[in-house]
Amino acid sequence: MLTEAEREMLVNNTKALLAQFEAERQRELALAEVTRQREREMAEAKLIALRQLLAARQSRFEPSQILRPGPQQQPLVEPEPPPLEVIPLPKWASLKKPNSSFFAYGMSDSQCWVLMQSASHAGCFIAPAPIPFDSWDEALPPSLGKVDVDREVYISDSNISALVGWFASRCTAGSRIDSDAVAIQNFAMGMQKPNDT
């Protein structure tokens, strides 16, 4: 139990402590009010600046300020870009079996041959590339295949592995394997000597 003196001291200290808490609360309220006032002023200043910016932008696009070409002036019209050059695919491109590759071999005499598995029969096609050259139909031995002049290819009953082996052993100017006919065509064009074109 508390004595009378201790009780009086507790009451006095509590009053002092409560007075201190109230003073701190009043300071915090005053500080919060000052902060809110500053935020309002900043928001108003920002709003005024944005309104001025909007007015300035709108004034740049007033119809009265847009210059129209005079009778002697032609309006600026950008020229049409040139059309893209479309390189037609060679005849042999459509003969390849889906999901297979072309095998291109450059030979020492600036000939290029493209091998492909056939989409129409069990064998393969052998095509001169990029286009048939003079005497292409007599350039390969008959054991490799029969000439089909209409499609500009040799029709071979050999499998692709046998043909790849035959051409790879004679290839002296490079080779390319790709499923893209345009890439193979570009390779074949690079195999030609400048005076062959």
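Taking amide H as placed 1.01 Å from N in the peptide plane, the amide H of Ser158 sits under 5 Å from that of Cys124, each at least 5 places away or on another chain.
When the helices of the chain are scored as -39500 (n - 2.57) per DSSP H run of n ≥ 4 and the total is divided over every residue, the value at 222 nm lands at -14500 deg cm²/dmol. Seen against the Cα atoms of the chain and their longest principal axis, helix 160-170 is set at about 80 degrees. Tell me the angle of helix 181-191 to the major Cα principal axis of the chain, expressed in degrees between 0 and 90 and rounded to the nearest ten. Compared with the principal axis, the helix lies near 60 degrees. Total lysine pairs in the chain at Cα distances under 25 Å, for residues eight or more apart or on different chains: 4.
Of the options (1) 2.71; (2) 1.09; (3) 3.15, only one is Cα Rg over 2.2 N^0.38 Å as computed from these coordinates, and that is (1).
When only alpha carbons of segment 4-64 are considered, Rg and Dmax amount to 26.6, 92 Å. Segment 91-196 has equivalent-ellipsoid semi-axes of 19, 15, 13 Å, by the square roots of 5 times the alpha carbon gyration tensor eigenvalues, sorted largest first.
Using R₀ = 30 Å, calculate the FRET efficiency as 1/(1 + (r/R₀)^6) where r is the Cβ-Cβ separation of Ala5 and Leu29; round to 0.05.
Once rounded, the FRET efficiency stands at 0.25.
Taking 0.36 nm per residue of separation and subtracting the current Cα-Cα distance, fully stretching the chain between Ala173 and Glu44 would add 38.7 nm.
Think of segment 81-197 as having a plus end and a minus end, set by charges on the Cβ of Lys, Arg, Asp and Glu; of Ile155, Phe102, Leu84, Phe102 sits farthest toward the positive end of this dipole.
Evaluate the charge dipole of segment 91-196 about its Cα centre and quote only its size in Debye, nearest 20, assuming +1 on the Cβ of each Lys and Arg and -1 on the Cβ of each Asp and Glu. Spell out each step's value before the answer.
Details: 8 positive and 11 negative charges, 62 e Å.
The calculation lands at about 300 debye.
For the chain, a crude dipole built from +1 on the beta carbon of Lys and Arg and -1 on the beta carbon of Asp and Glu, taken about the Cα centre, is about 420 debye to the nearest 20.
What is the dipole size for segment 4-64, taken about its Cα centre, with +1 at each Lys and Arg Cβ and -1 at each Asp and Glu Cβ, in debye to the nearest 20?
Numbers: 11 positive and 11 negative charges, 136 e Å.
The dipole magnitude comes to about 660 debye.
No value in this document is a laboratory result; all are computed from the given coordinates. Small disclaimer: the values here were computed from a predicted structure and weren't measured. All Cβ positions, glycine included, derive from the backbone under ideal geometry; neighbour counts span all protein chains shown.
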